[in-house]
Amino acid sequence: MTTLRPKYITFDCYGTLTNFQMGPLARQVFADRVPAERMDGFVQDFAAYRLDEILGDWKPYAEVLRRAVERSCKRHGIAFREADGRVFYEAVPGWGPHPDVPEPLARVAREFPLVILSNAANEQIHHNVALLRAPFHAVYTAEMAGAYKPRFRAFEYMFDQLGCDPKDILHVSSSYRYDLMSAHDLRIGHRAHVARGHEPVAPHYGAHEIADIGGLPGLLGL
């Protein structure tokens, strides 16, 4: 295996490092409105609408969630309550890491500067980062960039802030749609896909496959 020696290792946070629990929370919040046989479809639609909501101009993450919930409810013909979106937004800062994250992440941090680029609100992200228990060189959000991933503008903001060329980076994510397709198109030097089963694998985009963050030190020769 080729040993990678990037200048920076950049990460998606929610889903990749943080155990992002939108689906389980949706099942809980809508248990009284969505029949059990339709719940899988509702959760899938909620995820799809969250992606659709971030593809245009930047808007606050609270509004992204409110609109995604409202559209999901409309599609399924159930009542939407204004408080629903807020429930999801307020839950995010309390979500901690996947069990495989803290130890290998801290090990990698001793050798490489770690960076987060997250589709997050400024007021939320540092709560989640603190729970990762590893030092980060920098943490950037969609709010700072004025754009959400997968838009190139979010990544370009990170390049500018780091003052580096895309080829100097290893970008790590569990999502092709949000991260790794854009990382490929922007010619980020190396990509690593954390195979958490969130979406289909897309081999064309040339990412190193790892089962979890425990596989990252091996890519780096640690």
Exercise. Looking at segment 29-37, is at least one residue open to solvent by less than 40 Å² (accessible area, probe 1.4 Å), within 26 Å of Pro99 (Cα to Cα) and not aromatic (Phe, Trp, Tyr)?
Worked result: yes
Problem set entry | Odd one out for Val115 among (1) closer than 30 Å to Gly41 by Cβ; (2) out of contact with any Leu (no Cβ under 6 Å at 6 or more places or on another chain) | (1)
Exercise. Can you pull out the residues in segment 178-195 that are farther than 19 Å from Pro217 by Cα and surrounded by fewer than 17 Cβ atoms within 10 Å (Cβ to Cβ)?
Worked result: Asp185, Leu186, Arg187
Exercise. Got a number for residues in segment 55-85 being open to solvent by 20 Å² or more (accessible area, probe 1.4 Å), within 25 Å of Met144 (Cβ to Cβ) and modelled with pLDDT under 95?
Worked result: 2
Exercise. Any chance segment 195-204 includes a residue that's modelled with pLDDT under 95 and in contact with a Leu (Cβ under 8 Å, 6 or more places away or on another chain)?
Worked result: yes
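Results for (1) modelled with pLDDT of 95 or more; (2) assigned to a helix (DSSP H, G or I); (3) assigned by the TED database to the domain that holds Ala47, shown as yes or no for each residue.
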| site | (1), (2), (3) |
| --- | --- |
| Val87 | yes, yes, yes |
| Glu90 | yes, yes, yes |
| Glu103 | yes, yes, no |
| Glu111 | yes, no, no |
| His126 | yes, yes, no |
| Val129 | yes, yes, no |
| Met144 | yes, yes, no |
| Lys149 | yes, no, no |
| Asp160 | yes, yes, no |
For this session: Only residues that are open to solvent by 30 Å² or more (accessible area, probe 1.4 Å), over 13 Å from the mean Cα position of the chain (by Cα) and not β-branched (Val, Ile, Thr): list them for segment 196-214, please.
Result: Gly197, Pro200, Pro203, His204, Tyr205, Gly206, His208, Glu209, Ala211, Asp212, Gly214
For this session: Test Asp100 against the stated conditions and say whether it is in contact with a Gly (Cβ under 7 Å, 6 or more places away or on another chain), surrounded by fewer than 19 Cβ atoms within 10 Å (Cβ to Cβ) and over 22 Å from Asp185 (Cβ atoms).
Result: yes
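The values are calculated or read from the model by the stated rules, or taken from the named source; none is laboratory data. As the structure is a computational prediction, the values presented were derived from the model and not from experiment. All Cβ positions, even for glycine, are placed from backbone atoms using ideal geometry, and neighbour counts span all protein chains on display. To get the accessible areas, we keep the full protein, side chains included, count just its heavy atoms, and leave off ligands, DNA and RNA. Shrake-Rupley method; radii C 1.70, N 1.55, O 1.52, S 1.80 Å.
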